[in-house]
Amino acid sequence: MDQHTKQRWRFLEVDWLTYARTAVFRPTLLKAVSEGIVPDTLSFCSFPRPSVILNFFNDPDKDINLKFCRQRDIPVYRVISSGGPIFGDTGYIFAFIHAVRGSHGIPSTVEEMFAKTLSGIARGLSERFDIEVRFRPLNDLEARDTDGIWRKIGPSSCFYDNQAIQMGSGIQIHRPDLDLMASIITPPPEKFRDKQAKSIQERVTCLDNIVGRKVEIREVKQVYVTQTEKTFGVELSQGDLCRQELDYFKKFEDEYTSEEFLMDRSEKRLDPLPDGIQRRQLVYKISGGPLIRIICFIKGSRIWRIIITGSIHASPLRPSSPVHEIENALMETPIDRKAILDKLIRVMEGPNHEMPGVVPEELAEKIELCCQRGDSLGIIEKEGD
């Protein structure tokens, strides 16, 4: 594409938010881009202090140690995005693409967007720092460490809204406090089933370690700028938030930092349970896909309520997600795989619904198994995928 015909995207540098408060920044940008108030935008964010985000389907009581965070004044907010919980400190950066669906270079599905964006970033990091970085489906950036093991250097998330998309990619540049991170983020063993490393301390590294020197944040910023322009065939132009975006930010602040929004995926919202309800839980990891936690509340031979949480990627997220629609559809459903599957298919094959890596048949099998064999005291499902 000729230089003069390239689409122009806006570029924002953001250093005034904690990672947790991007909970407000994300919907602000998504709304502004959706409404055509601003052009498609790449935002490059660095952070003044440590904080934690819970992605949209994470359970605040099970996926992180919320009490620990509050005792240590570590901010925690839930974000409108997909994936697992993430710790972001001063050595961590996160970049967002907010673009109108159908814009030049934007793929039609979440999986394709992950592959296109992260493959480009992996190439850029490999070339800039003379290291080996790869995109690992579904949504990881991995670098080959000095011991030959591929370790995660950054998470990512993506979802497609009705009018626009949000793609996010992070890089751990400087060494984080891994013990602090492991105290905050508490994944079950299933999380590492398809990984070489078997704990957060083993799984996560930083760019400094891989490169063998202290990497400057500006160096990584340049990789994101260059690779975004190359990958999507666009030209970036420095900009600022407009007045309307600042107004949206103020408007969204109370909603997306509220306790009610944070605790939406907690089973405590169902307390107190009616008499005669049995609770069952099952956790499993899809190879190359998300970790899924199923909690079924059973009354007689039917599913009274179900809560599905984990590092799930799904689109859209607002006003209603496929996961929330599945939970609603399965209320009062007989514990029968065919009955469960029929309802899953109707939801998952709905217009613009995506749940990358999740297939209805397997999910129906796991839900039935949870109802029949799940242990009310915790995780029992250890089968491979």
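Table: residues versus (1) more than 16 Å from the chain's Cα centre (by Cα); (2) crowded, with 24+ Cβ neighbours inside 10 Å.
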| position | (1), (2) |
| --- | --- |
| PHE44 | yes, no |
| ASN55 | no, yes |
| PRO60 | no, no |
| SER81 | no, yes |
| GLY91 | yes, no |
| ILE106 | yes, no |
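Residues considered: SER51, SER82, SER43. Of these, the only one that is modelled with pLDDT under 95 and touching a Phe, Trp or Tyr at 6+ places or on another chain (Cβ under 8 Å) is SER82.
Sort through LEU118, LEU125 and tell me the only one that's touching a strand residue (DSSP E or B) at 6+ places or on another chain (Cβ under 6 Å), more than 29 Å from GLY350 (Cβ to Cβ) and crowded, with 16+ Cβ neighbours inside 10 Å. Break it down stepwise before answering.
Working: LEU118 fails: more than 29 Å from GLY350 (Cβ to Cβ).
After ruling out the rest, the residue left standing is LEU125.
Contact map, segment 248-266: residues that are of a type outside the set (A, V, I, L, M) paired with residues that are surrounded by fewer than 17 Cβ atoms within 10 Å (Cβ to Cβ), Cβ distance under 6 Å, separation 6+ or inter-chain. Pairs shown: SER266/ASP61. Please indicate, with yes or no, whether at least one residue in segment 93-102 is of a type in the set (A, V, I, L, M), in contact with a helix residue (DSSP H, G or I) (Cβ under 8 Å, 6 or more places away or on another chain) and modelled with pLDDT under 95. No, that holds for no residue.
Within the set GLY289, GLY310, GLY300, GLY276, the sole residue that is outside the structural domain of ILE86 (by TED's automatic domain parsing) and at pLDDT below 95 turns out to be GLY289. Just one of the listed residues (TRP16, TRP9) is surrounded by fewer than 18 Cβ atoms within 10 Å (Cβ to Cβ), of a type outside the set (Asp, Glu), more than 19 Å from the chain's Cα centre (by Cα) and assigned by TED's automatic domain parsing to the domain that holds ALA182, and it is TRP16. Taking (1) closer than 25 Å to ASP140 by Cβ; (2) aliphatic (A, V, I, L, M); (3) in contact with a Leu (Cβ under 8 Å, 6 or more places away or on another chain) in turn, LEU317 satisfies each apart from (3). Here ARG318 meets the list (1) surrounded by 17 or more Cβ atoms within 10 Å (Cβ to Cβ); (2) at pLDDT below 95; (3) within 25 Å of ILE37 (Cβ to Cβ) almost entirely, failing just condition (1). When LYS214 is tested against (1) in contact (Cβ under 8 Å) with a residue 60 or more places away in the chain; (2) not in a helix (DSSP H, G or I); (3) not hydrophobic (A, V, I, L, M, F, W, C), exactly one condition is not met: (1).
Would you confirm whether or not segment 191-203 contains a residue that is modelled with pLDDT under 95, aliphatic (A, V, I, L, M) and in contact with a strand residue (DSSP E or B) (Cβ under 9 Å, 6 or more places away or on another chain)? Before you say what the answer is, go through the steps one by one.
To start, the set of residues in segment 191-203 that are modelled with pLDDT under 95 comprises 191-203.
With aliphatic (A, V, I, L, M) added as a condition, the list becomes 197, 200.
Filter once more, keeping what is in contact with a strand residue (DSSP E or B) (Cβ under 9 Å, 6 or more places away or on another chain): 197, 200.
Within segment 191-203, one or more residues are modelled with pLDDT under 95, aliphatic (A, V, I, L, M) and in contact with a strand residue (DSSP E or B) (Cβ under 9 Å, 6 or more places away or on another chain).
Residues that are assigned to a strand (DSSP E or B), within 15 Å of the chain's Cα centre (by Cα) and among the polar types (S, T, N, Q) within segment 119-176 comprise SER156, SER157, GLN166, SER169, listed in sequence order. Taking segment 221-312 as the region of interest, the strands (runs of 3 or more DSSP E) fully inside it that hold 1 or more residues being more than 26 Å from the chain's Cα centre (by Cα) and among the hydrophobic types (A, V, I, L, M, F, W, C) are 291-299, 302-310. Counting only residues that are out of contact with any strand residue (DSSP E or B) (no Cβ under 8 Å at 6 or more places or on another chain), of a type outside the set (D, E, K, R), surrounded by 14 or more Cβ atoms within 10 Å (Cβ to Cβ) and more than 14 Å from ASP59 (Cα to Cα), segment 249-272 holds 2 of them.
PHE56: touching a residue at least 60 places away in the same chain (Cβ under 8 Å), under 23 Å from GLN222 (Cβ atoms) and in contact with a Leu (Cβ under 6 Å, 6 or more places away or on another chain), yes or no? For PHE56, the condition - touching a residue at least 60 places away in the same chain (Cβ under 8 Å), under 23 Å from GLN222 (Cβ atoms) and in contact with a Leu (Cβ under 6 Å, 6 or more places away or on another chain) - is not met.
The values are calculated or read from the model by the stated rules, or taken from the named source; none is laboratory data. Note that the coordinates shown come from a computational prediction; the quantities given were computed from them, not determined experimentally. Note: ideal-geometry Cβ built from the backbone for every residue, glycine included; neighbour counts use all protein chains shown.
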